[in-house]
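No lab work stands behind these numbers, since they all come straight from the coordinates. Values in this document were obtained by computation on a predicted structure and should not be read as measured data. Cβ placement follows ideal geometry from the backbone for every residue including glycine, while neighbour counts extend to all protein chains displayed.
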Amino acid sequence: MPRNGTTTVRIGIDFDNTLANYDHVFLAAAKRCGLIAPTFAGSKRAVRDSIRRLPDGELAWQRLQGYAYGAGIGGATLFDGAAAFLRKCRAEGFEVFVISHKTQFSHHDPTRVDFHRAALDWMADQGFFHADAFDIPVERIFFESTRAAKLELIGALGCTHFIDDLEEVFADPGFPERVRKVLFAPSGALRIAAVCPTWQRIGEVVLDGWR
């Protein structure tokens, strides 16, 4: 098995907003629905914060999420630098797992799109399972209905590193010990996690050594 020092390298990665970038999907859909101004510009988080200030904004946001993670997922893109990271993992022989807290259906999606199937189809289109691209076995893709189940699986799979965009995942008491925490975000308050604003920086931290 490929090793980093004396430890087999097993890298767990979150899916939504860590690998898959929905910024354009949320921005375009929110404008079509009249939830933000046609001139509005910003990330998914900026769109979310604006919508939540509206009357019944939380419900509108949940409906928008149901669209983005289902029927609208085709408009998502792989974050810049993530492809290079996954190719390097393949070249080094590191084991990569995608472990996502994702329900199969949304209560706020009238079309009842299967989120798991949609995500797998998107990953296939991006080359996740192709031998000449990232070559990640589909058996290493996991969708868990609760955060607790996600955290338990991270430990059960023996991940040495986990990459996530949500600080609260790493702050959860259920997060397994000895797993190196890599937060994909511009900033973070957790001293126990490496904060990486780009996938290029994640590559430096995870693939070139813990810094």
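Treating only the Cβ atoms of Lys and Arg (+1) and Asp and Glu (-1) as charged, compute the dipole magnitude of the chain about its Cα centre; round to the nearest 20 debye.
I would put it at about 320 debye.
For ASP172 and HIS108, compute 0.36 nm times the residue count separating them, minus their Cα-Cα distance, and round to one decimal in nm.
Extending this stretch completely gives an extra 20.4 nm.
Under the classification rounded if a/c is under 1.5, otherwise prolate if a/b is larger than b/c and oblate if not, where does region 74-157 fall, given a ≥ b ≥ c as square roots of the Cα gyration tensor eigenvalues?
Oblate, because a/c is 1.5 or more while a/b does not exceed b/c.
Between the alpha-carbon centers of region 70-94 and region 7-22, tell me the distance in whole angstrom.
Taking the Cα centre of region 7-22 as reference, the centre of region 70-94 is 9 Å away.
Restricting attention to the alpha-carbon atoms of region 28-125, what are Rg (one decimal) and Dmax (integer), both in Å?
16.0, 51
How large is the translational diffusion coefficient of region 23-68 in µm² per second when you combine the Kirkwood radius over alpha carbon pairs with Stokes-Einstein at 20 °C and 1.002 mPa s?
Approximately 212 µm²/s, per Stokes-Einstein.
Write down the Å³ per residue value for the convex hull defined by the alpha carbon atoms of the chain.
Considering the Cα atoms of the chain, their hull volume per residue is 128 Å³.
Suppose every K and R has +1 on its Cβ and every D and E has -1 on its Cβ; what is the size of the dipole of region 23-68 about the Cα centre, in Debye to the nearest 20?
60
If I model a spin label at GLU58 and PHE40 as a point 7 Å from the Cα along the Cα→Cβ vector, what separation in nanometres do I get?
According to this spin-label approximation, the distance is 1.9 nm.
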